[in-house]
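The values are calculated or read from the model by the stated rules, or taken from the named source; none is laboratory data. Worth saying up front: this structure is predicted, and the values here are computed from it rather than measured. As a convention, Cβ positions derive from the backbone with ideal geometry for all residues, glycine included, and neighbour counts pool all protein chains shown.
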Amino acid sequence: MQTLRQNDRTFMEGASGIHVMNDKGERLIDGPGGMWCTQIGYGREEMAEAMAEQARKLAYFSPFNATNSTASHFAREIAKRAPGDLNNVFFTTGGSTAVDTAIRFTYFRNNLLNKPKKKIIISRQKAYHGSTYLAASVSGKERDRLWLDKADHLAHFLPDVNPLHRGEGQSIDAFLDEKIADLEEAIQSLGADKVAAFIAEPILASGGVIMPPEGYHKRCLEVCHKHDVLYISDEVVTAFGRLGHWFASKDVFAIEPDIITCAKGLTSGYAPMGAAIISDRLIDDVAGRDAAFSNGYTYSGHPVSAAAGLKSMEIIEHDGILEHVRRVTPIFQGRLQELRNIDIVADVRGMGLMGCVQCSEKGRARGDLGRDYEIGALIDQECQKRGLILRPIINMCVFSPPLIITEAEIHQMFDVLTEGIEAATSLAKNP
């Protein structure tokens with residue numbers, strides 16, 4: 001708010017492949033992939049045609065008491081690819097409303113099962129689940145929570161799961177045990193009769209691409225089910241190819257959650273859409289009841305968005321994009337690890353086509369916050385001068401490029417990132 005009406009915003013006016021073009025005609029690599037979502041890349045004519053054809057046929061109809069075959073077809077295709085018995089797709093407008101829907105359905109089910117006190121959602125520090133009221137209430141990014149009201153009585157946050165911040169001399173295994181104990185102790189202290197669900201991103205994306213220790217999610221799921229607590233896997237970022245699979249929950253992290261939320265890559269960013277995918281077991285608990293799940297949105301199951309999602313899914317399969325991600329991931333992650341050789345780099349982490357470089361002048365993860373902001377801004381500026389857009393989060397450079405990025409483009413992106421970090425380091429020393 002200090003710079004309200006003083007901002008000189010960049011206008012993006014065109015895009016193709018992994019590149020965007022601004023109003024000055026400059027062509028830049030889209031490092032963040034829009035906002036973790038442009039899986040198939042920009043400028044796909046077949047996407048434009050599929051959306052236009054659907055708009056000509058049926059642009060919209062109320063989802064209140066009818067549906068459309070495009071949305072129905074899309075739901076079926078999602079269910080085919082979702083793990084286990086997650087076969088029930090509730091379409092929403094994006095990730096925030098998908099999370100809201102998952103939480104509201106959890107409350108609805110508990111109320112019908114005569115468990116009205118089970119309302120608390122356990123989340124984690126650094127987690128981000130959305131901007132609508134319920135989704136924001138279970139988000140744990142500290143600075144996002146400073147000035148907006150939240151339903152604090154409905155949320156409980158576990159300590160940071162970033163292994164970078166484990167105790168001095170603490171092993172990864174000991175840290176993992178501590179994090180699992182954090183969850184179990186929270187359920188027991190709050191009361192299992194009051195805890196409704198645990199919500200977790202497989203990788204805490206906008207928190208800084210934080211990856212809990214291996215085995216964390218599987219053990220958390222076991223704790224949850226032991227205490228009759230639902231496990232909601234927030235795959236808004238990790239689903240639809242970001243880690244080389246349709247869904248990361250089972251194929252990467254070996255779990256079958258009770259509910260999965262998704263958005264972003266669901267349509268490759270070509271149209272707004274989200275979904276809460278609910279297991280048959282949970283649906284069976286409420287089936288046949290004299291009750292209505294009165295949660296929905298004007299644009300739920302929007303036919304044009306569904307057409308975009310179907311075509312994106314078709315392109316991902318036809319072009320072998322999941323296989324491509326798995327093939328180029330070692331190159332991407334290898335170049336990421338090389339950045340450790342730069343003095344200012346305190347940590348690098350990533351998985352699939354997700355990465356984060358965390359920088360600190362003191363060579364450690366936690367420095368002066370004001371200076372950390374300056375360092376992050378300098379790196380962002382220097383990279384953009386050289387043709388690469390990043391997502392700066394304080395002193396972290398986060399990137400998740402379109403999944404179609406080639407081996408040569410990966411090298412180009414990391415070459416620019418290396419130059420940008422080194423130039424920013426020099427400027428920081430000699431302002």
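When Leu310 is tested against the conditions (1) more than 20 Å from the chain's Cα centre (by Cα); (2) not assigned by TED's automatic domain parsing to the domain that holds Ile203, the lone failure is (2). Scanning the stretch 337-364 for residues that are of a type in the set (Lys, Arg) and at pLDDT 90 or above, we see that the one that is nearest to Pro401 (Cα to Cα) is Arg349. Total residues in the stretch 163-177 satisfying the condition of being outside any loop (DSSP other than H, G, I, E, B) and more than 30 Å from Tyr133 (Cβ to Cβ): the figure is 8. Counting residues in the stretch 281-296 that are among the hydroxyl-bearing types (Ser, Thr, Tyr) and not in a loop (DSSP other than H, G, I, E, B) gives zero. Of all residues in the stretch 193-212, none that is without any contact (Cβ under 8 Å) to a residue 12 or more places away in the chain and of a type in the set (Val, Ile, Thr) has its Cβ atom under 7 Å from the Cβ atom of a residue that is buried (at least 24 other Cβ atoms within 10 Å of the Cβ) and assigned to a strand (DSSP E or B), 6 or more apart or on another chain.
The condition of being out of contact with any Lys or Arg (no Cβ under 9 Å at 6 or more places or on another chain) and in the same structural domain as Leu204 (by TED's automatic domain parsing) holds for only one of Ser139, Ser72, that being Ser72. Identify the residue in the stretch 26-52 that is under 20 Å from the mean Cα position of the chain (by Cα) and on the phi > 0 side of the Ramachandran plot and, among all such residues, is surrounded by the most Cβ atoms within 10 Å (Cβ to Cβ). Ranking the candidates gives Gly33 first. If you go through the stretch 131-162 and pick out every residue that is outside any loop (DSSP other than H, G, I, E, B) and among the aliphatic types (A, V, I, L, M), you end up with 6.
Selection over the stretch 391-411 of residues that are more than 14 Å from Cys359 (Cα to Cα), in contact with a Gly (Cβ under 6 Å, 6 or more places away or on another chain) and assigned to a loop (DSSP other than H, G, I, E, B) gives a count of 5.
A count restricted to the stretch 60-76 and to residues that are of a type outside the set (Gly, Ala, Ser), loosely packed, with under 15 Cβ neighbours inside 10 Å and assigned to a helix (DSSP H, G or I) stands at 2.
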